[in-house]
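Structure first, then comments.
Each value in this text was obtained by applying a stated rule to the coordinates, not by laboratory testing. Not measured: the values here are computed from a predicted model. In this analysis, Cβ positions are derived from the backbone assuming ideal geometry, glycine residues included, and neighbour counts consider all displayed protein chains.
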Amino acid sequence: MGDTDTAAWAALLRVHAALVPHMDKELQAACGLPLTWYDVLLELNSAPGRRLSMTELGDVAVVSRTRASRVVDQLVAAGLVIRETNPDDKRSAYAVITDAGRKRLRAAAPTYLAAIERLFTSRMTKTEAATVAAALEKVLAAE
């Protein structure tokens, strides 16, 4: 492993560690929505039928599978998500975004998108942003 490899990895970790707390604080201050909630709501809203099994949610959300279940519990308590029993497997459930959840997600989106632009993409060219996105998607596709 060369210097470029470790530099790329270290930069990714440092950027994540530096920006996530800022974005979380902004979303909570502006919308009362932690970044973890926003991420789960975003994934549920874009899923077919606006629902995902807990396993599927754990695979696509930024939070770990264990944390995804806890976040869903919090979202259920807040009325932003409901749990539906899986008709094919009564032992498992789907997380489903509610109308209130979709409304909160839409209200928070401008804050989220503005933070991404201000803290991240405004600090690189469009070409650099496209390169970063393509490179990271390539890594994810190999998973």
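Taking the Cα centre of the chain as reference, the dipole from Cβ charges on Lys and Arg (+1) and Asp and Glu (-1) amounts to some 480 debye.
Between the listed residues Y38, L13, G58, the Cα displaced farthest toward the positive end of the dipole of the chain, a dipole computed from Cβ unit charges relative to the Cα centre, is found at Y38.
Pairs of Cα atoms nearer than 8 Å and 6+ residues apart set the relative contact order; for the stretch 1-73 it is 20 percent.
Can you give the FRET efficiency to the nearest 0.05 for H22 and E84, using r as the Cβ-Cβ distance and R₀ = 30 Å? FRET efficiency, H22 to E84: 0.30. When each of T66, T36 is scored by the number of other beta-carbon atoms lying within 10 Å, the sequence from fewest to most is T66, T36. Between A114 and S46, what's the calculated FRET efficiency when r is the beta-carbon distance and R0 is 22 Å? Round to 0.05. With a Förster radius of 22 Å, E is 0.65. For a straight C-alpha distance cut-off of 21 angstrom, the lysines reachable from K138 (same-chain residues fewer than eight places away being disregarded) are K126.
Each Lys or Arg adds one and each Asp or Glu takes one away; over the other residues whose Cβ falls under 15 Å from the Cβ of L80, this sums to +3. With R₀ fixed at 25 Å, the C-beta to C-beta distance from V15 to K126 puts the FRET efficiency at about 0.90.
The largest-to-smallest principal axis extents of the Cα set in the chain are 50, 35, 22 Å.
Maximal additional length on extending the E137-D5 stretch stands at 45.9 nm, based on 0.36 nm per residue less the C-alpha distance.
Entry note, the stretch 18-141: relative contact order of 25 percent, from Cα contacts under 8 Å with a spacing of 6+ residues.
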